[in-house]
Amino acid sequence: MIEFEGVSKSYNRGRIKAVDGLTLTIPPGEIFGFLGPNGAGKTTTIKLVVGLLRPDSGRILVEGIDVQKEPLRTKALTTYVPDTPAVYERLTGLEYLNFIGDVYGVPKADRLSRIERWLDIFELSSAVGSPIQSYSHGMKQKIVLTAALLPDPRVMVLDEPLVGLDPRSAHHLKELMRSHCDKGGTLFFSTHIMEVAEKLCDRIGIIDKGRLVACGTMDELKKLNAESSLEKIFLDLTDKS
Amino acid sequence: MKPFPALVRTGLRANFGLRAIAYRFFTEKKDRWLLPLFALAAVSLAPTLYAGIKLLAGLYGMLTPMNQQAALLTFALLTGQVLILLFGLYYVISAFYFSRDLEILIPLPLKPFQVMLSKFIVICVNEYVTVFLLVVPVLVTWGIKAGRGPDYWVAAVLVYLLLPVIPLAIVSLLVVALMRLVNVSRKKDALILIGSIILIAGSIALQSAVGRANAGGMSAQSAVAFFAAPDSILNRVGAFFPPSIWATKALAGGPGATGPAHLALFAGVSLALFLALIVLSEKLFYRGLVGIGETSARRRTLSSAEMSRRVSSGRRPFRALLAREWRIMNRTPIFLLNGVLVVVIIPVVMLLMVKTGGETEVFLVNFLSAANPAVVILGAAAFLTVSGSLNGTASSTFSREGGQFWMSKVIPVPPRDLVAAKLVHSYAISVLGVAVSTVALVAIFHLPAGQVAPAVGLALLAGMLLTIIGMLIDLARPLLDWTNPQKAIKQNLNVLFAMLAGIGFLIVTGWLAARLLKLGIGGPGVLLILAALLAVLSAAGAALLFRFARKRYAEIEV
């Protein structure tokens, strides 16, 4: 579960409000899709959850634990995939996965079975012994996803996770997102792909200029603009403000 | 604006980052505290510059009766050009073939020579800045002392502007041809390392050559004949790199025939090499770029047994973090060179300089056998400390993470472990430097064990303190937004600040030791006091570092 309680974050000494009084609860078992135009505050919100940024005010709870007050406990429950796969390019894929397994304390038996499973699904088995530097953009994205899945986290936070993935890998990722939440996990992710949000998410939030302008299930959102697609709703909401 | 000037302007902006600095200072209002520090550095440089100019004026006065005053110009111009030649190799390889902007520039509607030329100009401007303090004071002092007219000043400006062209064009021609012939761009790591080792080997070879030339010995008669011949020093010194003789004669030759003729020769050769570079680059530049940005790797699926063996059975986070530090450092050529290799190579170079310095070595050996043993131990400890600690490992340890710093922020590991791994890694490199230098020191000066052991002990304590200081500096303002790893360590102000702090520490410690010796405290007593002081300061520093890390890891936003 992720809870935002009146969270605000600004840049440039308060001149640019990136997130403005966000209050939102994402219960366990839910896939929550976060939509918004470029610069709306999606990545800032995500970075606040995983502790890369500090809120100016408000608080964020992960599984009921305050991210600011007990960061190590919330970090142990959360994994994160950034919008660009900036990873240790000088390590091999396996060295990187071992590093993540070590710092999250994943036991060897679990580690081996999960690594083999995800490498197989993402078709990375032949590349895992090579330096990440030699990977394509999509392969880097997949190794970061594999690392994020390795600790079998309670909460997954993904920033544009489908960018750069081939259709097969994107399909597998969507399946595993669903299965993660079916097992009681929480998944919070941002995307620009309306179809993905529409088909995959239990609930969708639309953020614009730092404010949550709409939030609900697809059916609830459709009530805002009858017979409209998510794309139309998105354009209407983000155009008005 | 036309494409080429726009390209050069963008290249200069990207290289010097003046807009980014202005944004940090004036819009984000970060790093403003650096401004008074820079002002202080500039003010403190003024007396040194004044003393240097006084020295130059004195040398001019000494050389004039022998008609050798032009040698002053040759020394400055030659040193400048050789520095440009050696560093140019490194800059040219990384700018022409390994800078990330090539991926943006190559698809643009620009000719290959334009792309290469824009990079050449950026390197030239870099070199003007690099050799400014070395060359310009000499040109100005010489012109004033010689009482020369406007012709000299015009020639001086032209010579300074043309100074980097010949050495850089030579290096560029070699590199462009090499890249085309060998097509080694896929092995770029190896290329950078080999280039850097050539640079260091070149420096050592030059040092040895100059040392031998100076220590070559000369009978009284031949010395008289040598100094009696006009400009003999100029010709002897300039023989290493003849363009420096042409440049000197262009300046010292006067407005008659000699000056303009040599200026024409200097400019003509510069222009010819420059044109050759344009022609060659148009034909070969892009061909050598094939495969850039890609690293080849053999792909092989691991068997189940292999996978089981290679999947770690679970190390403690500290050990995983330490392994990360070593692997990234050792596999990134720029980091390896400036961290690990520098502590191995620099001590050897310093001792070679002493060995080839002739009189310096005799003086040092005499001094070591006659001096107070405590002073010898302190001197040796200072050398070992410099060898082990004046590298950029500790002071770039956070900066080196760059765009990957987010991982250190999100993993469930306390800052204490993150910093402990960095401290152990940085200190291990410092210890390596002390070990190599100890071997070199004992091999060359045959210091007894009774003097070496306390010197090593002091250096290890001082090394810990300097490692902590370097880490504190880097933690206070880590440079994380680099795109070229060179910026994280070679162009990182934190490394400079830590080196200045290290020099300041050595001066203060030296002063303290001298005071204690003057007060009549015996040698062993002074050494013990210093050791205790260093141990206390290191312990306090470590405690401060761990506290500061807890605060900073929460504060640093990425």
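Observations, loosely collected:
- Which numbered condition residue A:129 misses (of (1) open to solvent by 10 Å² or more (accessible area, probe 1.4 Å); (2) modelled with pLDDT of 95 or more; (3) in contact with a Ser or Thr (Cβ under 7 Å, 6 or more places away or on another chain)): (2)
- Pair list, Cβ under 7 Å, 6 or more apart: the stretch A:90-117 residue on the phi > 0 side of the Ramachandran plot and more than 7 Å from chain B (Cβ to nearest Cβ), other residue assigned to a helix (DSSP H, G or I) and of a type outside the set (S, T, N, Q): none
- Of all residues in the stretch B:379-405, those satisfying the criterion of being in contact with an Asp or Glu (Cβ under 8 Å, 6 or more places away or on another chain) and either more than 14 Å from chain A (Cβ to nearest Cβ) or open to solvent by 10 Å² or more (accessible area, probe 1.4 Å) (or both) are B:394, B:395, B:396, B:397, B:398, B:399, B:403.
- The residues of the stretch A:61-89 that are part of a strand (DSSP E or B), under 19 Å from residue A:146 (Cβ atoms) and more than 7 Å from chain B (Cβ to nearest Cβ), listed by number, are A:78, A:79, A:81.
- Selected residue (criterion: modelled with the highest pLDDT) from residues of the stretch B:290-299 that are within 7 Å of another protein chain (Cβ to nearest Cβ) and open to solvent by less than 60 Å² (accessible area, probe 1.4 Å): B:297
- Positions within the stretch A:15-59 being open to solvent by 40 Å² or more (accessible area, probe 1.4 Å) and in a loop (DSSP other than H, G, I, E, B), in sequence order: A:15, A:27, A:28, A:38, A:39, A:54, A:56
- Any hit, the stretch B:119-130, residues being outside the structural domain of residue B:12 (by TED's automatic domain parsing), within 26 Å of residue B:287 (Cα to Cα) and in contact with a Phe, Trp or Tyr (Cβ under 7 Å, 6 or more places away or on another chain): yes
- Members of the stretch B:532-558 that are open to solvent by 30 Å² or more (accessible area, probe 1.4 Å) and within 14 Å of chain A (Cβ to nearest Cβ): B:550, B:551, B:552, B:554, B:555, B:557, B:558
- Restricting attention to the stretch B:468-496, the residues that are modelled with pLDDT of 90 or more and either among the aromatic types (Phe, Trp, Tyr) or outside the structural domain of residue B:337 (by TED's automatic domain parsing) (or both) add up to 0.
- Residue in the stretch B:328-335 that is at pLDDT 90 or above, touching an Asp or Glu at 6+ places or on another chain (Cβ under 9 Å) and either in the same structural domain as residue B:493 (by TED's automatic domain parsing) or open to solvent by 20 Å² or more (accessible area, probe 1.4 Å) (or both) present: yes
- Residue among B:19, B:13 that is modelled with pLDDT under 75, within 25 Å of residue B:483 (Cβ to Cβ) and part of a helix (DSSP H, G or I): B:19
- Residue in the stretch A:133-145 that is touching a Leu at 6+ places or on another chain (Cβ under 6 Å) and either within 12 Å of another protein chain (Cβ to nearest Cβ) or among the hydroxyl-bearing types (Ser, Thr, Tyr) (or both) present: no
- So residue B:529, is it open to solvent by less than 60 Å² (accessible area, probe 1.4 Å), in a helix (DSSP H, G or I) and not assigned by TED's automatic domain parsing to the domain that holds residue B:94: no
- Residue A:159 touching a Pro at 6+ places or on another chain (Cβ under 7 Å) and closer than 24 Å to residue A:91 by Cβ: yes
- Leading residue by the ranking (most open to solvent (accessible area, probe 1.4 Å)) among those in the stretch A:155-169 that are in a loop (DSSP other than H, G, I, E, B) and of a type in the set (A, V, I, L, M, F, W, C): A:163
- Checking each residue in the stretch B:409-439 for being in a helix (DSSP H, G or I) and surrounded by fewer than 20 Cβ atoms within 10 Å (Cβ to Cβ) picks out B:416, B:417, B:420, B:424, B:428, B:431, B:432, B:435, B:436, B:439.
- Subset of the stretch B:300-317 (residues that are more than 7 Å from chain A (Cβ to nearest Cβ) and open to solvent by 50 Å² or more (accessible area, probe 1.4 Å)): B:303, B:304, B:305, B:309, B:316
- Within the stretch A:68-80, the residues that satisfy the criterion of being surrounded by fewer than 22 Cβ atoms within 10 Å (Cβ to Cβ) and touching a strand residue (DSSP E or B) at 6+ places or on another chain (Cβ under 6 Å) are A:73, A:77.
- For the stretch A:176-197, the criterion of a residue being part of a helix (DSSP H, G or I), under 20 Å from residue A:47 (Cα atoms) and within 12 Å of chain B (Cβ to nearest Cβ) is satisfied by no position.
The values are calculated or read from the model by the stated rules, or taken from the named source; none is laboratory data. These numbers come from a predicted model, not from an experiment. Quick reminder, even Gly has a Cβ in these numbers, built from the backbone with ideal geometry, and neighbours come from all protein chains shown. Remember, those area values only see protein heavy atoms, side chains included, never the ligands or the DNA or RNA. Shrake-Rupley method; radii C 1.70, N 1.55, O 1.52, S 1.80 Å.
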